[in-house]
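Chemist: I am attaching a structure below and will ask some questions about it afterwards.
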Amino acid sequence: MSIVEIKVPDIGDFDEVTVIELMVKVGDTVKADQSLITVESDKASMEIPSSHAGVVKDFQVALGDKVKQGSVVLMLEVEGAVASAVVAAPAPQAAAPVVQAPVAAAAPAAVAASSGPIEVRVPDIGDFKDVAVIEIMVKPGDSIRIEQSLITVESDKAAMEIPSSAAGVLKELKIKVGDKVNIGDLLAILEGVVPTGAVAATVASVAAPALAAPVAAAASVPAVATVAAAVAAHNPGALTVGLPHASPSVRKFARELGVPLNEVKGSGLKGRITDADVQSFTRSVMSGAVQTLAAAAQAKPAAAGGNDGAGLGLIPWPKVDFTKFGPIERKEMSRIKKISGANLLRNAIMIPAVTNHDDCDITDLEAFRVSTNKENEKSGAKVTMLAFLIKACVAALKKFPEFNSSLDGDALIYKQYFHIGFAADTPNGLMVPVIKDADKKGIMQISLEMGELAKKARDGKLSPAEMSGASFTISSLGGIGGRYFTPIINAPEVAILGVCKSTIQPIWDGKAFQPRLMLPLSLTWDHRVIDGAAAARFNVYLGQILGDFRRVLL
Ligand code: CAO
């Protein structure tokens with residue numbers, strides 16, 4: 001057994017292409033030439049095949065990554081020893097047509113260099129025979145630029161746009177949708193003058209060294225032909241699974257409009273999605289006649305017992321057979337974890353949340369807390385930092401009432417009560433008991449109540465009433481450690497304060513550094529309701545109060 005790196009092959013002119021689909025997963029056994037990923041430029045989509053048979057060990061790319069020639073796609077475990085651990089992926093034979101590519105398209109352009117009618121022909125599209133014309137992107141009378149895409153052709157492995165090898169006015173189209181074309185077939189007749197110098201220069205830089213035949217072709221033809229060539233090494237037969245049936249330019253157009261292509265019904269040949277389909281889908285959504293799946297999921301997210309992402313139009317959650325990698329044990333999640341998980345997922349997806357981090361000086365407050373606890377040692381009553389935090393938050397919520405609000409459609413509900421939830425870590429998972437009317441209670445009472453509620457939470461004895469009605473939540477990891485984190489808002493609240501462990505920091509007092517006890521604050525807020533400036537002010541004010549509680553009285 002040995003491990004080989006499967007790399008992106010020569011993809012010609014394309015600097016970078018985007019990974020739009022992973023066609024295999026870790027643990028899969030793949031055949032040589034089997035497609036591994038699909039990549040896409042604005043001109044073509046293509047599948048990158050495996051140069052070896054083996055088992056996929058580890059992906060080195062993710063969806064959305066930009067890759068180029070030589071980028072490692074994945075690590076493959078192959079039978080026996082391989083001469084080099086680094087394998088240049090798709091077969092060298094794929095490269096040959098790439099170099100040849102300009103030739104076919106070159107001839108007409110060469111003729112055109114003088115002026116008069118220019119024939120544009122199908123360039124070398126590698127091994128493909130009889131590829132179907134699925135889209136015509138221009139019409140007679142159009143002014144055509146060099147490299148402008150004229151038609152889209154499609155095989156079972158790739159869709160590619162054929163660009164014009166010359167500039168001019170389109171006089172006549174020689175093909176129609178549904179026609180099958182091959183290298184050298186006449187596509188169109190242009191009339192105009194080709195800027196000869198520019199063309200020749202481009203061609204020279206693209207293909208000259210390896211070409212024996214006379215060349216004077218269009219700049220982008222090699223790129224498209226390269227696509228075909230890269231794909232040509234594939235085992236024909238297996239179709240791309242899961243990709244919407246659309247040309248790269250339509251996909252780009254859909255992306256620009258934010259249209260989920262997998263929800264668009266194609267009206268083209270074999271259900272292919274066209275520009276017009278994308279436009280009509282957009283119009284339907286705008287008019288309210290159609291709702292995207294993502295919008296539908298937003299409207300009814302809590303029911304998303306399905307956590308596979310399908311409801312959001314996402315690719316499915318990866319299903320991995322972990323036993324392939326080592327021993328495992330499967331345990332059902334606790335009921336609390338399942339419930340809180342569904343809520344956290346909804347809140348994370350639906351709320352445009354932002355987190356502001358800050359530090360505040362609690363040196364004096366902590367000294368006060370410690371001395372108070374010392375005084376009360378005999379009674380056993382203990383005040384906690386969290387109780388002070390709750391009180392300080394109440395003061396900040398009074399000063400910034402939108403933090404104590406909830407969204408109700410287009411309106412805000414401002415609560416005139418101050419019920420503060422606090423996250424409690426329990427053996428069964430996260431629970432959030434609520435201190436009701438915290439504004440009306442003293443620190444001692446809050447500390448006592450918190451201790452009781454936290455114990456009930458750990459013992460699984462909290463009643464639903466003790467966990468409901470919070471208008472703001474605090475999540476304290478101060479007793480554990482860490483610096484900052486990004487807590488998830490407990491909807492329908494609009495903000496949550498995360499607190500981590502205080503540490504002594506050197507703080508400049510204008511003359512010297514002083515050792516001060518600094519408390520890290522992480523305030524997450526709903527940007528639909530709260531602005532960044534308000535969040536910063538909230539943190540500053542909270543810090544001022546924790547620095548000197550007398551400010552509450554001002
Ligand atoms: N900085 C430094 N020390 C801190 C501190 C802070 N910010 N906050 C608490 N401490 C100290 C306490 O003073 C206490 O020390 P002493 O016993 O010497 O006084 C010690 O840490 C333990 O505190 P605690 O965490 O048990 O008590 P608490 O009142 O601070 O918190 C509770 C109670 C229920 C909030 C806490 O036990 C808990 O469950 N925290 C986890 C919350 C959580 O999971 N949040 C994440 C939610 S997102 O998944």
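The values are calculated or read from the model by the stated rules, or taken from the named source; none is laboratory data. Nothing here was measured: the structure is a model prediction, and the numbers come from that model. Cβ coordinates were reconstructed from backbone atoms using ideal geometry, including for glycine residues, and neighbour counts include every protein chain displayed. The area values use the complete protein model at the heavy-atom level, side chains included, leaving out ligands, DNA and RNA. Shrake-Rupley method; radii C 1.70, N 1.55, O 1.52, S 1.80 Å.
Chemist: Using only the Cα atoms of the stretch 300-428, build the gyration tensor, take square roots of its eigenvalues as a ≥ b ≥ c, and label the shape rounded, prolate or oblate: rounded if a/c is under 1.5, else prolate if a/b is larger than b/c, else oblate.
Modeler: Verdict is oblate for the stretch 300-428.
Chemist: Quick check on packing: order 456-464, 316-324 by the mean number of other C-beta atoms within 10 Å, highest mean leading.
Modeler: 456-464, 316-324
Chemist: Hey, can you rank 144-156, 168-180 by average C-beta count inside 10 Å, highest first?
Modeler: Result, highest mean first: 144-156, 168-180.
Chemist: May I pose another question? Rounded if a/c is under 1.5, else prolate if a/b beats b/c, else oblate: with a ≥ b ≥ c from the C-alpha gyration tensor eigenvalues square-rooted, which is the stretch 396-554?
Modeler: Taking the square roots of the gyration eigenvalues as a ≥ b ≥ c, the stretch 396-554 is oblate.
Chemist: Separate question: Skipping prolines and chain starts, which residues have an amide H placed within reach, meaning under 5 Å, of the one on I507, given they are 5 or more residues away or on another chain?
Modeler: The answer is Q514, R516.
Chemist: Residues of the stretch 321-411: accessible area per residue at 1.4 Å, in Å²?
Modeler: The answer is 62 Å² per residue.
Chemist: Here is a further query. Give the carbon-plus-sulfur fraction of the accessible surface of the stretch 350-472 in %, rounded to a whole number; probe 1.4 Å, heavy atoms of protein chains only.
Modeler: 55 percent
Chemist: Order 274-283, 432-441 from most to least packed using the mean count of other Cβ atoms within 10 Å.
Modeler: In descending order of packing, they fall as 432-441, 274-283.
Chemist: While we're looking at this one, here's another question. In terms of modelled amide H atoms, which long-range or inter-chain residues lie less than 5 Å from the amide H of S45?
Modeler: Long-range HN contacts for S45: A159.
Chemist: Counting Lys +1, Arg +1, Asp -1, Glu -1, what net charge surrounds S406 among other residues with beta carbon under 14 Å of its beta carbon?
Modeler: Net charge in that neighbourhood comes out at -3.
Chemist: Loop-only chymotrypsin sites (Phe, Trp or Tyr not before Pro) in the stretch 407-511, please: DSSP not H, G, I, E or B, and at most 13 other Cβ atoms within 10 Å.
Modeler: The qualifying sites are Y417.
Chemist: Here's a follow-up. Classify the stretch 334-399 from the C-alpha gyration tensor, please: rounded if a/c falls under 1.5, else prolate or oblate depending on whether a/b exceeds b/c.
Modeler: Cα axes put the stretch 334-399 in the oblate bin.
Chemist: What number comes out for accessible area per residue over the stretch 460-554 if the probe is 1.4 Å? Units Å², please.
Modeler: 50 Å²
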